[in-house]
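What follows draws every value from the coordinates through simple rules; no lab data is involved. As the structure is a prediction and not an experimental result, all values here were calculated from the model. FYI the Cβ positions are ideal-geometry reconstructions off the backbone, even for glycines, and counts take in every protein chain you see.
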Amino acid sequence: MALCAQGCALAPVGQHFRCRCPAWNGVGAATGSSLAALRALPGLDAPDGPAGERIRLLKPIVAGTEWILATNAVRLWRVLHEDYEVCVLPIHGNSRTAGAVYTYRQSHIDCRPGAAYLLEPDTLHINTRLLGPSSYYVLKISPAVVGEVARSLARLCGALGAESEGLERETALIRTVHTLLRECAEASSREPSVIPAAGLARVREYLHAHFDRPVALSDLVAISGLSATHLIRSFGRAFGTPPHGYQNLLRVAEARRQLAAGKPVSKIEVGFFDQAHLARHFKRAYGVTPGVYRAAVAS
């Protein structure tokens, strides 16, 4: 059984979980202290956001992870997840109208304050409707780190303070990931996402292999064996975005990998027309420009 920071059982809500502990006030009180600890750590703010919105990327706390803090966020996110991602929308700091509706694995999820969500790799997350400005934090965990998980959800919040050492943080992270996967992930989480049709699977594989090159719709029609109209409609229904949108998300994901490895922004070539084109899509996906992201994750 998964437990919250106060020892209360976490009630499953679909593939997600929600705490019903009165003393914890949803996830508000516990995340209040962890948010304060996170905000005290080094990081960079994204410039040029909507008025009142603040997106902050922290310097890596533990190898294989990234943290994103959002305050009064109003953007509609559209992201192809490569990592395990835990998003916490606390009651503390949010109004009752905060939240958003998003699609995930062909389901519509109503995201409200007082819940935490686990999103798995190789899935597309699209916000379709904003309910109100929201403050939350996201922990991105590399699948390589997930492979080393241990046994319990214990003291991650307490281990995030500036006075804690790296080993304590890594231990708390591993225990947390283990519990999230054991108790909260879908039964199919250890298998790749199910592809509804062989033709669409071939198109998807082709886009992965040719993400940085121009791709003609006629090529995808030939590969899939479907008409152009049927292909676009079926691909969008299966993956949440048409083929060209999926290709752009693959390009952005590869740009993120290269930036995290230390490659200069000016040297990133993933198939976009120019740097402005890259910056526009990157910011749409991650909320910050490539330059801000590289500076935030640089060792």
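What ranking of Lys267, Lys59 emerges when the number of other C-beta atoms within 10 Å of each C-beta is taken as an exposure proxy, fewest first?
On the way: Lys267 8, Lys59 15.
By the 10 Å Cβ count, ascending, the order reads Lys267, Lys59.
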Could you put Leu58, Leu249 in order, starting from the residue whose Cβ has the fewest other Cβ atoms within 10 Å?
-> Leu58, Leu249
Exposure proxy order (Cβ contacts within 10 Å, fewest to most) of Ser95, Ser135, Ser234 = Ser95, Ser234, Ser135
Pop out the ³J(HN,Hα) list for segment 102-116 in order, Karplus 6.51 cos²θ - 1.76 cosθ + 1.60 with θ = phi - 60°, rounded to Hz; leave Gly and Pro as x.
-> 9, 9, 8, 6, 6, 10, 9, 10, 8, 8, 10, x, x, 9, 10
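Across segment 76-135, how large is the tail of the calculated P(r) beyond 14 Å, expressed as a percent of all Cα pairs?
Numbers: 950 of 1770 pairs.
Percent of Cα pairs beyond 14 Å in segment 76-135: 54.
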Simple spin-label estimate for Ala228/His277, 7 Å along Cα→Cβ, in nm, reads 2.0
Determine the shape class of segment 198-297: with a ≥ b ≥ c the square roots of the Cα gyration tensor eigenvalues, call it rounded for a/c under 1.5, and otherwise prolate if a/b is greater than b/c, oblate otherwise.
-> prolate
